[in-house]
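First the structure, in the form of structure tokens, and then the observations on it.
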Amino acid sequence: MRLHRTRQSSSVPPPRSVRTPRRARRITLPRLLGSLLLVTAAGAAAGSGPAAAAPAPRPLGQVVPAPVEAKPGGSPYAITAGTRIRVESESREARRIADQLAGVLRPSTGYALPVTGRGSDGIRLRLDPHDDASGAEGYTLRSNPGSVTITAREPAGLFHGVQTLRQLFPARVERNSRQEGPWTVAGGTVRDAPRYAYRGAMLDVSRHFFSVAEVKRYIDQLALYKLNKLHLHLSDDQGWRIAIDSWPRLATYGGRTEVGGGPGGYYTKADYREIVRYAASRYLEVVPEIDLPGHTNAALASYAELNCDGVAPPLYTGTNVGFSSLCVPKAVTYDFVDDVIRELAALTPGTYLHIGGDEAHSTAHDDYVAFMNKAQAVVGRYGKTVIGWHQLTGATPVGGTVAQYWGYDRTGADERKQVADATARGTKLVLSPADRGYLDMKYDKDTELGLSWAGYVSVRRSYDWDPAAYLDGARPGSVLGVEAPLWSETLTNSAEIEQMAFPRLPGIAELGWSPASTHDWDAYKARLGAQGPRLSALGIDYYRAPEVPWAAE
Ligand code: ACM
């Protein structure tokens, strides 16, 4: 494995110069079938210059992830100085979503955009308990000259609809300073709902520690692409990152360093609750992982009694794997596991608790099976559903357990079969093939950050596979979804996270959300290219992959 390398973080381009928006007044709204040309008289209010043609609004389907259906029709909608954001229900969550949208739109449009109650005009957020077609996360967006209305059965659907609406405005809507309009949305209807219920991203906060602010920044980016799970890899050989009251040295000692010898860190319980709360407000569930029984050097270094020989090893700041193991025969090991899982479950409103189980190369096979079976029972006892890396299928997965598959094209047939066979006994799958979904793999030989043990992972390779067909022999319907892990051996800050995640993360998000019928590299790369100016407006210095036709900034 490569050693840690730091990298100068590229500076984010400054926002475009601040200009006072001139009022855009529509003078003609030609009804062209589907293709919507909007002509504005920008500057007419100021009495200056002739009418100029503004660019047509983005076609309704040109968002990432691709929606189920986008039907253009009718004339566009435009935000003006008088626009209101209307919450068409008593729901506090709907109100919060409206406030979040206003928080995006106000700085760039310069308009007041008050959030108010019912009415027939403006941007309308409507919860309809009978809208069964939307399901738990879907929505319908209707746009016409009088209003844009997002309707959903659940608040999560409203939230996802708002993310679509953001992408339908010009990219500069994401800037924090006042920009020039017009702020138009094409006329028509978007109907949308996810393909998979589990659409995740993992952040390794162990190899390098990331602050609460850095995690929140990533959460905002995941939410934009409709992901709904944030898996936090909270412990590994190089650092223990969550306070556990009954074993305090795990964090205060085991969290003291990181790869390369930096200061490390850990989340207090208050920090962690804040991450969970913030994620929930963006409709992401946090899936905490304590990696067991291997990847445990930080714990073994913190408590000598967890070691079979009773001797604590030193803290570790390298990047090797597979050298550490909890002591499976010792009773104290299960006191430790019970305490940690109990405290973590109490911090976790979500369904899942991840117990790792990968690369336990220093644990004898029989010990591994015995240990993972006991650990699963502990998770069940505290009311959570087990997720483990797919090696867990070599033990005895309890009913409803989720195996996270991280194999790749070189993974042996026996190992793949073991995972596929487990699905016949009820194990569910989250797919994170390392040579497709691992965001820390280098894009190509020139990529400065990241690793390459699973090969180079280009943007196309990351996107161009079908989760439903990926694992031969897996029971149809066993795939819960996809997840894009980001391991942090070489990554130390948000700029470095973003160089690796963007632009591959939106591709994994699309695999999780969009119907298989929309899957097409040529269409996708054009939609992705159009995201470039949006990512820049958000301050994300993404990798300009040469295979993507990036839109001009
Ligand atoms: C893993 O990459 N060891 C899950």
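Just so you know, all these numbers are worked out from the coordinates, no wet-lab data involved. Small disclaimer: the values here were computed from a predicted structure and weren't measured. Cβ sites come from the backbone with ideal geometry, for glycine too, and all protein chains shown count toward neighbours.
Structure notes:
- Computed from Cα atoms, the angle from the helix 269-281 axis to the main principal axis of the chain rounds to 40 degrees.
- Checking every one of the trypsin sites (Lys or Arg not before Pro) in segment 358-418 against DSSP loop status and a limit of 16 other Cβ atoms within 10 Å picks out R410.
- Among residues other than D291 with Cβ under 13 Å from its Cβ, the summed charge is -4 (Lys and Arg +1, Asp and Glu -1).
- Computed P(r) (all Cα pairs; segment 438-553; 10 Å bins; percent): 13, 43, 34, 9, 0
- Links that overshoot a 31 Å alpha carbon limit, given the list K384/K525; K417/K525; K216/K525: K384/K525; K417/K525
- Ratio of Rg to Rh over segment 509-553 (Cα coordinates, Kirkwood Rh, two decimals): 1.00
- Local charge for S120 was computed over the other residues whose Cβ lies under 15 Å away, with Lys and Arg +1 and Asp and Glu -1, and equals +4.
- Compared with the dominant principal axis of the Cα atoms in the chain, helix 413-424 is inclined by about 70°.
- Neighbour-count ranking [beta-carbon atoms within 10 angstrom, fewest first] of S91, S206, S536: S91, S536, S206
- Calculated over the chain: convex hull of Cα atoms, volume per residue (Å³): 145 Å³
- DSSP bridge pairs, the chain: antiparallel proportion in percent, nearest 5: 35 percent
- Between the Cα long axis of helix 212-224 and the first principal axis of the chain there is an angle of about 50°, rounded to the nearest 10.
- Segment 88-182: radius of gyration over Cα atoms, expressed as a fraction of 2.2 N^0.38 Å: 1.05
- Straightening the chain between A270 and V321 buys 15.3 nm, computed as 0.36 nm per residue apart minus the Cα-Cα spacing.
- Per-selection Rg to Rh, segment 328-368 - Cα, Kirkwood hydrodynamic radius: 1.04
- As a rough guide to protection, the peptides 187-196, 67-76 ranked by mean Cβ packing within 10 Å, highest first, stand as 187-196, 67-76.
- Ordered from longest to shortest, the equivalent ellipsoid semi-axes for segment 301-441 are 25, 20, 15 Å, each the square root of 5 times a Cα gyration tensor eigenvalue.
- Expressed to the nearest 5 percent, the antiparallel share of DSSP beta bridges inside segment 364-522 is 0 percent.
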